[in-house]
1. Kirkwood hydrodynamic radius (Cα pairs, Å) of chain B?
2. Which shape class, rounded, prolate or oblate, goes with the range A:24-63 when its Cα gyration tensor gives a ≥ b ≥ c as root eigenvalues, a/c under 1.5 marks rounded, and past that a/b bigger than b/c marks prolate?
3. Using a Förster radius of 51 Å, what is the FRET efficiency between B:Leu157 and A:Gln104 based on their Cβ-Cβ separation? Nearest 0.05, please.
4. What is the sum of charges around B:Thr244, taking Lys and Arg as +1, Asp and Glu as -1, for the other residues whose C-beta is under 11 Å from the C-beta of B:Thr244?
5. Over the alpha carbons of the range A:100-151, what is the largest minus smallest coordinate on each principal axis, giving the biggest first in Å?
6. Using protein chains only (no ligands, no nucleic acids) and a 1.4 Å probe, work out which residues of the range A:108-153 have their accessible area cut by at least 20 Å² relative to the chain alone.
7. Ordering A:Val153, A:Val35 from largest to smallest accessible area (1.4 angstrom probe), what's the sequence?
8. Check which residues have an amide H placed less than 5 Å from B:Ala120's amide H, if you skip close sequence neighbours.
Amino acid sequence: MRRAEAIAALSALLALGAACSRREERVARDYQVGVHQVRLVAPPGWEVIEHGRQHLFRKDQSELSLVDVGPTNPDSTAPQMTRDQKTAYVLGSFDPSDRKEIAQREDRLRQGRVWTEVHTWSRVSHTDPARVAFTEAAGHFLVLATDYGPIEVTGPAFDSLLATIEDRSDRATPR
Amino acid sequence: MPRSTHRLAILAGLAGLALLASCGRPHQDEPLLPVETFSWCPQPIAFAPPPSRWYRQGDNGGGTLGVRFILRDGGGQCISLAGYRAFAERNPKAAIERLIGRRDSLSEREFLNEVSKLRARTDDPLSDREAMVAASINESLDRVASDHFAGQPGFVLADLESALRVASGYQMTLEEILPRIRLHPERMHEPERWRLGYERDTVVAGHPAFASDDTLITDERPLLYHQVFWVVGGCAFNAIYQGTAENLPTFHRVLDSVAFPEITIASR
């Protein structure tokens with residue numbers, strides 16, 4: 001009887017531990033991505049690698065990146081960029097070739113900021129789908145992108161991450 | 001046989017016939033995928049791709065840019081559509097337009113460098129008409145450099161506009177390029193595998209087209225090898241079917257869905 005009780009208690013402890021560790025993975029954390037002070041919840045099972053201006057999220061052979069790609073107005077004497085120009089600038093910072101084209105683009109309000117979400121694919125065959133989303137804060141672009149890995153893996157992680165990103169830069173002093 | 005039993009037998013027979021008919025054409029009514037627009041050349045092309053059991057691959061070779069839909073477990077059956085990018089790039093019209101728009105923001109060295117890149121190709125012309133147009137464009141561009149060094153900016157602009165007028169006035173025709181792009185078995189890797197069949201004029205999305213219904217002899221079986229060529233907005237396209245008679249209707253449905261969206265500034 002005692003042995004059964006001990007096993008039951010141990011099982012309950014193990015279950016509690018597992019539940020706690022799962023909850024721990026979903027806790028929001030603060031990161032400094034370039035000038036952006038960001039609070040986010042990493043997708044479960046994805047490793048976060050902090051590289052200053054560029055943070056990587058890796059799981060097996062898949063990777064997402066969250067990057068400060070620079071000022072939203074690189075030429076201060078030029079007029080404000082249009083939406084198309086901003087999109088072209090951001091996409092150009094990832095893949096300067098003309099192999100990709102925009103399949104779909106929409107603006108969505110997330111965590112108090114407007115994010116432009118872009119679905120791209122191969123210009124030639126409309127294969128190799130990829131995702132890029134960007135917003136502006138502290139005068140810089142903050143960009144989330146799928147780097148590599150199957151879209152069936154990176155797509156849900158991208159959505160999960162994007163839903164939680166809170167850019168708190170305007171509350172902090174930019175570096 | 002009682003009347004009710006007789007009726008049942010007739011109904012069962014009809015159902016059996018319907019089942020047989022549907023089994024004989026398992027994919028005839030399979031819907032195509034939603035229409036997609038491709039920008040392989042300055043003239044975009046839109047069409048409904050075949051069902052997803054035809055997986056796709058980019059196709060970049062022989063001066064074309066396009067997509068090939070390959071039937072899974074189909075033994076080499078495929079549908080491809082492509083644009084002749086190399087032909088479209090022979091005409092420097094778009095590049096001349098761009099240079100006219102940004103010439104004031106370029107340094108002298110950058111400007112002359114850009115002018116040198118505009119020269120129309122004179123090697124291996126598509127036709128006598130294209131050769132004359134290329135020579136005329138290059139004469140105007142030669143004057144750009146001389147007028148620039150003579151300190152005549154007004155003449156420079158006039159020379160560029162003259163080159164643009166000549167380039168804009170030329171659009172290649174199907175007749176000019178057909179001899180180059182149609183199937184010539186003797187130019188293929190294994191000429192004995194090809195059998196030329198019937199040639200005919202047809203129409204694709206309201207535009208005149210040339211079709212050739214040929215045969216490819218593979219190790220397993222002979223396959224239909226149907227090609228269709230057409231030119232729209234100065235861009236040449238082809239659609240090729242390689243497969244069995246059973247899947248030929250799918251090719252025709254894809255071809256029937258072809259449309260040509262208007263060229264927007266963004267897609268140029």
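The values are calculated or read from the model by the stated rules, or taken from the named source; none is laboratory data. This one's a predicted model, so the numbers in the text were calculated from it and none came from an experiment. As a convention, Cβ positions derive from the backbone with ideal geometry for all residues, glycine included, and neighbour counts pool all protein chains shown. With ligands, DNA and RNA removed, areas are computed over all heavy atoms of the protein, side chains included. Shrake-Rupley method; radii C 1.70, N 1.55, O 1.52, S 1.80 Å.
1. On the way: mean 1/r = 0.0456 Å⁻¹.
Computed over Cα pairs of chain B, the Kirkwood hydrodynamic radius comes out at 22.0 Å.
2. Cα axes put the range A:24-63 in the oblate bin.
3. Details: r = 40 Å, r/R0 = 0.79.
For B:Leu157 and A:Gln104, the calculated efficiency is 0.80.
4. Values: positive: B:Arg221; negative: B:Glu220, B:Glu246.
Value of the local net charge: -1.
5. The Cα atoms of the range A:100-151 stretch 37, 19, 17 Å along the principal axes, largest first.
6. Output list: A:Arg123, A:Val124, A:Ser125, A:His126, A:Thr127.
7. Numbers: A:Val153 60, A:Val35 20 Å².
The most accessible residue leads, giving A:Val153, A:Val35.
8. The answer is B:Asn138.
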